[in-house]
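None of the figures in this text is laboratory data; all of them are computed from the coordinates on show. Here the structure is a predicted model, which is why all the values come from computation and not from measurement. Neighbour counts are summed over all protein chains in view; Cβ atoms, including those assigned to glycine, are modelled from backbone coordinates with ideal geometry.
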Amino acid sequence: MLKFNIKTDKVVKVDNKKDVHVFNSEDDNLDQVTVESFGEEWSKFNYFDEEEINNIGNEYFDIVDFSKFDEHSTALDVGCGTGRWSVYLSSKFSNVYAMDPSKAIYAAANLTKDIPGIHLIKASAENIPFEDDTFDLVISLGVLHHIPDTQKALNSVAKKVNKGGQCLIYLYYALDNRSFFYKMIFYSSSFFRFFISKSPSFLKKIICDFIAIFVYLPFIFLSKLVKFILGEKWGDKIPLSYYSNKSFNVIRNDSLDRFGTPLEQRFSKKQIEKMMHEAGLHDIKFSDNQPYWHVIGQK
Ligand SMILES: C[S@@+](CC[C@H](N)C(=O)[O-])C[C@H]1O[C@@H](n2cnc3c(N)ncnc32)[C@H](O)[C@@H]1O
């Protein structure tokens with residue numbers, strides 16, 4: 001276990017199995033309402049089976065060259081949520097450090113309870129309790145766009161990557177590779193997002209389940225139909241086609257993520273590339289595949 005460079009405020013033992021190291025340091029680059037919303041979300045969607053983790057994980061990690069790591073390599077997962085990507089990495093790294101500032105970290109304690117090599121930390125991206133240049137792989141998937149100053153948070157995350165190490169991030173795309181028609185449909189849904197994300201938690205969950213059934217499923221059906229008739233390429237142009245091979249649990253979860261989260265930002269490929277360079281990363285490589293954009297940089 002690596003040494004912390006900040007004093008732990010407390011250690012919480014979950015179900016007599018997992019220690020969660022809690023760091024309560026102040027962070028003014030954190031949206032408290034968003035963090036609490038995620039705490040709620042991940043307490044509800046706290047289980048992912050191994051097959052689903054591997055299948056979706058293979059999509060996110062398609063640009064990572066795992067042959068660069070060995071049994072001594074260490075990984076850090078910033079904004080881990082339930083810890084599903086730490087679970088994915090645990091088959092490749094003997095030590096994975098998973099951190100999240102919300103109560104989702106206790107859901108992660110449950111999902112990772114039988115994996116001793118996953119170490120849990122309750123802290124935010126600006127308060128990573130390790131020395132700079134520590135990790136061979138740092139990941140932050142679907143996190144930094146929920147932080148007010150994304151660049152500042154990315155700088156903090158990238159600092160923890162070893163010289164020669166890699167940093168994999170996933171940021172919501174600005175639909176820069178989509179048609180005008182696609183953008184219109186998408187941005188009209190943002191009108192609803194504005195109100196839904198401000199609703200009380202119980203109502204938000206009900207509305208997002210409703211959206212999963214009456215919006216996501218019909219679009220998924222349409223994309224499957226188009227794929228069947230016109231082929232894969234055309235089916236992929238239909239909004240939400242990404243979910244055509246995902247379970248209903250993932251669809252409900254992502255509906256809540258998309259419509260229920262108060263703060264989200266979107267970035268184009270160009271903007272992300274600039275941000276990665278500014279964070280001290282080079283050899284930036286984007287995946288051509290969904291989810292857009294996931295990208296890796298070297299340090
Ligand atoms: C969409 S979830 C992604 C969780 C996980 N990476 C995954 O893909 O399953 C975003 C996560 O970012 C966390 N988060 C929000 N603000 C953060 C911050 N300032 N620092 C670190 N994590 C943060 C939330 O608590 C939440 O668990």
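Here the peptides 24-33, 125-134, 45-54, 180-189 are ranked by packing, the mean other Cβ count within 10 Å, and the order with the highest first is 125-134, 45-54, 24-33, 180-189.
Taking LYS274 as the anchor, which aspartates and glutamates have their alpha carbon closer than 16 Å to its alpha carbon, excluding any fewer than eight residues away along the same chain? Cα-Cα hits under 16 Å: ASP149, ASP176, ASP283. Seen against the Cα atoms of the chain and their longest principal axis, helix 201-211 is set at about 40 degrees. In terms of its alpha-carbon gyration tensor, segment 180-260 comes out oblate; a/c meets the 1.5 threshold, while b/c is at least as large as a/b.
Our note on the geometry: Cα centres of segment 46-96 and segment 250-288, 18 Å apart. Legend: distances between Cα atoms for LYS183/LYS237; LYS3/LYS122; LYS227/LYS285; LYS18/LYS152; LYS103/LYS299; LYS159/LYS299; pairs beyond 20 Å are LYS227/LYS285; LYS18/LYS152; LYS103/LYS299. Between ASN16 and GLU131, the modelled label-to-label distance comes to 3.8 nm, taking each label 7 Å out from Cα in the direction of the beta carbon. Computed extension length for ASN58-PHE202: 48.6 nm, one decimal, from 0.36 nm per residue of separation with the Cα-Cα distance subtracted.
A straight Cα-to-Cα reach below 13 Å connects LYS113 with the aspartates and glutamates ASP15, ASP19, residues fewer than 8 places away in its own chain not being considered.
Using a 7 Å offset from Cα along Cα-Cβ at MET1, what residues in segment 13-32 end up with backbone N under 14 Å from the label point? 13-14, 16-23, by backbone N distance to the label point. Mind checking the angle between helix 248-260 and the chain's longest principal axis? C-alpha axes, 0 to 90 degrees, to the nearest 10. In the chain, helix 248-260 runs at an angle near 90 degrees to the longest axis.
To test your reading of the geometry: what angle, between 0 and 90 degrees and rounded to tens, separates the Cα axis of helix 32-44 from the longest principal axis of the chain? Value to nearest ten degrees: 80.
For the chain, adding -39500 (n - 2.57) for each run of n ≥ 4 DSSP H residues and dividing by the number of residues yields -12000 deg cm²/dmol at 222 nm.
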